[in-house]
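*Asks:* Got a structure for you, written out below as structure tokens; questions coming shortly.
The values are calculated or read from the model by the stated rules, or taken from the named source; none is laboratory data. Just so we're clear, the structure is a prediction, and the values are computed from it rather than from any experiment. Glycine also receives a Cβ, built like all others from the backbone with ideal geometry; neighbour counts cover every protein chain displayed.
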Amino acid sequence: MNDCVLTVENVVKSFGKFKALDGASLSIPKGSIFGIIGPNGAGKSTLLRIVTSLAHPDSGRVTVNGIDVESSPKKALAGTGAIVDSPAFYPDLSARLNLDILSRGHGKKYRARREELAEYTGIAGWMNHRVREFSLGMRQRLAITLALLPDSSFVILDEPTNGLDPSGIVDIRNLIRNLGADLGATVLVTSHMLGEIEKICSNLAILNHGQIAAEGKMEDILRRSPVTLIRTTEPGRAEALLKETFGPRIISLKLKENEENVLRVETSDDCAAELNETLVKNGFSVSMLENEPDRLERIFLQLTGGESAVRNEVRS
Ligand code: ADP
Ligand code: MG
């Protein structure tokens with residue numbers, strides 16, 4: 001567990017009779033960009049509040065860098081920067097003054113870091129502007145700057161792309177991706193937007209009704225039931241050949257609806273390359289072979305069985 005920045009063990013948190021967290025456990029490897037996905041109300045923010053000592057669990061244990069957050073919150077969270085829910089900025093003060101006040105930063109070294117980070121997050125030209133003038137995306141960048149200011153090696157961001165327009169989402173996505181690469185930070189990010197998390201994160205936990213339904217490396221979770229789309233000549237004959245060759249490794253194989261000559265192959269393990277090889281060797285021409293998009297959404301639905309719930313969240 002030494003190479004884990006955060007460990008959450010069996011955390012329970014109730015509000016009255018309602019269990020917002022019902023025995024949640026996870027561990028976040030150093031250097032990962034770790035995503036927690038779950039529909040609204042799954043308990044994501046509650047978990048982050050407990051991790052950052054803004055709330056306290058009924059039972060269970062949280063450590064950051066091996067230090068218990070409940071008994072030594074200051075020490076445990078010394079290198080952690082967090083934005084849980086939307087941070088409240090002073091609208092009539094400049095971005096720079098907001099950073100100074102909210103981070104209680106001072107000193108030459110701090111000021112240099114503040115300006116460097118503003119450059120990095122793309123708000124350098126806006127530091128003298130009042131926060132009132134900031135778009136949602138700019139506020140999000142300011143919030144991320146604030147989270148990074150205490151020389152954070154662990155950055156926690158709760159729904160950082162919430163409410164942003166598509167180009168704002170891309171900007172924040174790139175920023176988060178680069179946090180690890182450029183600053184060597186470990187990042188914990190939550191979202192109810194599955195596609196976002198699939199694009200950003202190296203590791204993933206799925207939170208549903210206060211429990212972790214799955215946890216692991218993104219690639220391993222996505223590999224759980226791979227679906228390959230193949231466009232080929234004579235799909236009927238191809239279907240028979242693949243069924244015969246791959247036997248029980250094929251979970252389902254059918255013509256994709258609304259597409260011409262495209263087979264949709266769901267397999268028990270990743271065999272895209274072998275599927276291709278088999279077809280080509282037997283004289284079929286393969287003009288397209290790709291993983292079906294929105295894989296995470298499909299896996300999420302399989303794990304949680306909450307189709308309607310998720311659809312609604314994605315739309316909102
Ligand atoms: P998420 O961030 O995944 O959308 P939250 O952690 O905010 O979910 O909330 C999980 C559940 O706990 C929700 O049903 C919410 O209404 C409830 N909840 C959260 N905070 C409180 C609170 N302070 N008092 C009562 N219920 C709460
Ligand atoms: Mg939330």
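*Asks:* Would you call residue 210 surrounded by 16 or more Cβ atoms within 10 Å (Cβ to Cβ), under 22 Å from residue 191 (Cβ atoms) and either out of contact with any strand residue (DSSP E or B) (no Cβ under 8 Å at 6 or more places or on another chain) or modelled with pLDDT of 90 or more (or both)?
*Replies:* Considered against the rule, which asks whether it is surrounded by 16 or more Cβ atoms within 10 Å (Cβ to Cβ), under 22 Å from residue 191 (Cβ atoms) and either out of contact with any strand residue (DSSP E or B) (no Cβ under 8 Å at 6 or more places or on another chain) or modelled with pLDDT of 90 or more (or both), residue 210 comes out as yes.
*Asks:* Can you go through 169, 144, 212, 197 and tell me which one is out of contact with any Pro (no Cβ under 9 Å at 6 or more places or on another chain) and either part of a strand (DSSP E or B) or not assigned by TED's automatic domain parsing to the domain that holds residue 27 (or both)?
*Replies:* It is 212.
*Asks:* Looking for something touching a residue at least 24 places away in the same chain (Cβ under 8 Å) and within 29 Å of residue 166 (Cβ to Cβ) - is there at least one such residue anywhere in the range 238-256?
*Replies:* Checking the range 238-256: at least one residue is touching a residue at least 24 places away in the same chain (Cβ under 8 Å) and within 29 Å of residue 166 (Cβ to Cβ).
*Asks:* Taking the range 32-46 only, how many residues are more than 16 Å from ligand 2 (Cβ to nearest atom) and surrounded by fewer than 17 Cβ atoms within 10 Å (Cβ to Cβ)?
*Replies:* Of the residues in the range 32-46, 0 are more than 16 Å from ligand 2 (Cβ to nearest atom) and surrounded by fewer than 17 Cβ atoms within 10 Å (Cβ to Cβ).
For every residue, the table says whether it meets (1) under 30 Å from residue 192 (Cβ atoms); (2) buried (at least 17 other Cβ atoms within 10 Å of the Cβ); (3) in the same structural domain as residue 44 (by TED's automatic domain parsing).
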{"site": "205", "(1), (2), (3)": "yes, yes, yes"}
{"site": "228", "(1), (2), (3)": "yes, yes, no"}
{"site": "272", "(1), (2), (3)": "yes, yes, no"}
{"site": "276", "(1), (2), (3)": "no, no, no"}
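*Asks:* Let me ask something additional. For residue 165, all conditions in the list (1) crowded, with 20+ Cβ neighbours inside 10 Å; (2) without any contact (Cβ under 8 Å) to a residue 40 or more places away in the chain; (3) not hydrophobic (A, V, I, L, M, F, W, C) hold save one; what is the number of the exception?
*Replies:* (1)
*Asks:* Given (1) under 25 Å from the mean Cα position of the chain (by Cα); (2) part of a helix (DSSP H, G or I), where does residue 150 come up short, assuming only one miss?
*Replies:* Among (1) under 25 Å from the mean Cα position of the chain (by Cα); (2) part of a helix (DSSP H, G or I), the lone unmet condition for residue 150 is (2).
*Asks:* Keeping to the range 225-249, report how many residues are touching a helix residue (DSSP H, G or I) at 6+ places or on another chain (Cβ under 6 Å) and over 15 Å from residue 288 (Cβ atoms).
*Replies:* 1
*Asks:* Now a separate question. Looking only at the range 178-188, count how many residues are at pLDDT 90 or above and either of a type in the set (Asp, Glu) or touching a helix residue (DSSP H, G or I) at 6+ places or on another chain (Cβ under 6 Å) (or both).
*Replies:* So the answer is 2.
*Asks:* Let me ask something additional. Take the residues in the range 71-96 that are buried (at least 16 other Cβ atoms within 10 Å of the Cβ) and part of a helix (DSSP H, G or I); name whichever of them is farthest from ligand 1 (Cβ to nearest atom).
*Replies:* For the range 71-96, the residue satisfying everything is 96.
*Asks:* I've got another one for you. Considering only residues of the range 20-70 that are part of a strand (DSSP E or B) and within 11 Å of ligand 1 (Cβ to nearest atom), which is nearest to residue 192 (Cα to Cα)?
*Replies:* 37
*Asks:* Scan the range 267-291 and report the pairs whose first residue is more than 16 Å from residue 229 (Cβ to Cβ) and whose second residue is part of a loop (DSSP other than H, G, I, E, B), with Cβ atoms within less than 8 Å and a gap of 6+ or a chain change.
*Replies:* If the second residue must be part of a loop (DSSP other than H, G, I, E, B), the pairs left are 268/225; 269/223; 269/226.
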